[in-house]
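Undergrad: So that we are looking at the same thing, I have put the structure below in structure tokens.
The values are calculated or read from the model by the stated rules, or taken from the named source; none is laboratory data. Computed from a predicted structure; not experimentally measured. Virtual Cβ from ideal backbone geometry, glycine too; neighbours counted across all protein chains shown.
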Amino acid sequence: MRIFFIILLFFSFKVFAAQDIYQFDSIQKQQRFDALTSQLRCLVCQNQNIAESNAALAIDLRKQVYEKIQKGENDQSIVNYLVERYGDFILYRPPFNGLTLALWLGPFLFLIAGLSYLFYYLRQSKMRE
């Protein structure tokens, strides 16, 4: 009986996964769809890609990607369309430009600031001893 409940619990998590059923006429289109939706950020969740998100916007974006793949558009034109519409933030790896400068350099600046403060603190504590 305990095993039954464990199995039931395991399968209940599958209910919450983002599952869309799209029919593709080739494996290549399915793989392109999977690759594109995994590299595009959900603008609502911001910590998930649109392949994993259950947000309404992510569902709409998956549908748009599917329709564009079915129309025969290439990956770059699909990405360009979404970037034009939603901005660089939709990409997990946005281009390095003036608008994304803080995004790319911010972690390094925080690291340098943190290390500087650590050295300052250690130096001050040695001077007190």
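Undergrad: Between a first residue in the range 79-98 that is farther than 18 Å from residue 63 by Cβ and a second residue that is not in a helix (DSSP H, G or I), which pairs have beta carbons less than 6 Å apart while being 6 or more apart in sequence or on different chains?
TA: 88/94; 92/39; 92/41
Undergrad: Right, here's the next one. Which of the residues spanning the range 5-35 are loosely packed, with under 14 Cβ neighbours inside 10 Å and modelled with pLDDT of 90 or more?
TA: Listed by number, the residues that qualify are 27, 28, 31, 34, 35.
Undergrad: Of the numbered conditions (1) surrounded by fewer than 14 Cβ atoms within 10 Å (Cβ to Cβ); (2) within 13 Å of the chain's Cα centre (by Cα); (3) modelled with pLDDT of 90 or more, residue 72 satisfies every one except a single condition; which is it?
TA: With (1) surrounded by fewer than 14 Cβ atoms within 10 Å (Cβ to Cβ); (2) within 13 Å of the chain's Cα centre (by Cα); (3) modelled with pLDDT of 90 or more applied to residue 72, the lone miss is (2).
Undergrad: Another one. Could you check the range 36-69 and list, in sequence order, the residues that are loosely packed, with under 12 Cβ neighbours inside 10 Å and in contact (Cβ under 8 Å) with a residue 12 or more places away in the chain?
TA: 56
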